[in-house]
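A quick write-up on the structure given underneath.
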Amino acid sequence: MLPEESDAGNGAPNAVVSRDKAQRAKELAALNEPLLIVKDVQRSFQVGGQKLHVLKGISMELYPKQLVMLRGRSGSGKTTLMNLIGGLDQPNSGEIVFKGHPFHTWNDEQRTVVRRSEIGFIFQSYALMPLLSAYENVELSLRMAQTPRAEWKARVQHCLELVGLGKRMHHRPFELSGGEQQRVAIAKSIAHRPSLLLADEPTAELDSQMGAQVMNVFQNIIEEEKVTICMTTHDPTILEVADHVFEMVDGKFKQY
Ligand SMILES: Nc1ncnc2c1ncn2[C@@H]1O[C@H](COP(=O)(O)OP(=O)(O)OP(=O)(O)O)[C@@H](O)[C@H]1O
């Protein structure tokens, strides 16, 4: 019998029902709460005595389990925005609130603590350690996140299986294709159980078939690991699978 079907009037099963429902209500509410709020963010840089205004009032919200893409011409400010979202940089004005943490007012040390446990990064160029196997690369990220050693083996295996590399765990990067290397990088980025993954042009170096494989893996890990993915891309076929696309034009998001 499912907990919902248990008889009324019996104290213990009812307690199970209410706990179960409360938990589910909490989970549903969490899905409707933004994971990240970006509000009227401006970012400029001093370049050769001139002020370069890159972001001129950007606002966006990211929700749990979303696949969101940023597009825009080269130099439009996509990476600048990703650095702000990931707590690597701070805006000149505006707000960035990640899981209730005000990144725009916090110092680097405070942001780093949250970033290490809650955010994963994926780069165009994979950023793997060349002398370590796929397994050791993923394990390294658990070591850096100070995950208890007893959890490493099961977690590394799970993450590599999730990206379809269960049978290639002991290969080193040079023995893997570009798409496989990017999948190792994805396994590495999710190993410490972040709630947000930021991926800067993750498919740019891949042919269309391998790019599609990476996108399948992204969709899979959104379901399995309950992460939100925010990525940049120029590829129109990849944009099609996004839950939402933000297009950056002249330092702002284009309104459709
Ligand atoms: N730290 C910095 N100092 C000075 N200028 C910077 C800095 N970071 C970025 N810029 C400038 O800001 C602009 C936006 O750069 P950004 O890398 O965010 O663009 P992008 O949209 O990611 O481009 P691409 O698609 O080519 O990666 C560029 O003109 C760049 O030179």
Practice task
Please provide three numbers in whole Å: the alpha-carbon extents of region 51-137 along the principal axes, with the largest listed first.
Solution key: 43, 31, 30
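All other residues with a Cβ under 11 Å from the Cβ of GLN124 taken together, and with Lys, Arg as +1 and Asp, Glu as -1, what is their net charge? Each step should come with its number before you reach the end.
Numbers: positive: none; negative: ASP200, GLU201, GLU205.
Charge balance near GLN124 sits at -3.
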Completion exercise
Measuring from its Cα centre, the chain shows a charge dipole (+1 at each Lys and Arg Cβ, -1 at each Asp and Glu Cβ) which, in debye to the nearest 20, is 600 debye
Practice task
Mind checking which lysines have their Cα closer than 17 Å to the Cα of LYS226? Skip sequence neighbours fewer than 8 apart in that chain.
Solution key: LYS26, LYS65, LYS99, LYS188
Handout entry: Cα extents of the chain along the three principal axes, largest first (Å)
Key = 75, 45, 38
Exercise for the section: Using a cut-off of 12 Å between beta-carbons, work out the net charge of the residues near SER177 (Lys and Arg +1, Asp and Glu -1, SER177 not included). Expected result: -2
Fill in the blank from the handout: Long-range alpha-carbon pairs in region 118-256, meaning those over 17 Å apart, account in percent for 58 percent
Handout entry: Span from the region 220-255 Cα centroid across to the region 130-182 one, whole angstrom
Key = 26 Å
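Excluding LEU81 itself, calculate the net charge of residues whose Cβ lies under 15 Å from the Cβ of LEU81, where each Lys or Arg counts +1 and each Asp or Glu counts -1.
Numbers: positive: LYS39, ARG43, LYS56, ARG71, ARG73, LYS78, LYS252, LYS254; negative: ASP40, GLU61, ASP89, GLU95, ASP200, GLU201, GLU247, ASP250.
So the environment of LEU81 carries a net charge of 0.
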Practice task
Mind checking the full-extension length gain between ARG149 and VAL245? Use 0.36 nm per residue of separation minus the Cα-Cα distance, one decimal, nm.
Solution key: 30.7 nm
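So what is the relative contact order for the chain, in percent, with contacts set as C-alpha pairs under 8 Å and at least six apart? Can you show the working numbers first?
On the way: 437 pairs, mean separation 63.3, N = 256.
Normalised by residue count, the contact order of the chain is 25 percent.
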Practice task
Just need the relative contact order of region 108-256 here, percent rounded to a whole number, with Cα pairs under 8 Å and 6+ apart.
Solution key: 27 percent
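Read-outs: derived from the displayed coordinates by stated rules, not from any lab. Everything quoted here is computed from the prediction, not taken from an experiment. Glycine gets a Cβ as well: all are built from the backbone with ideal geometry, and neighbour counts include every protein chain shown.
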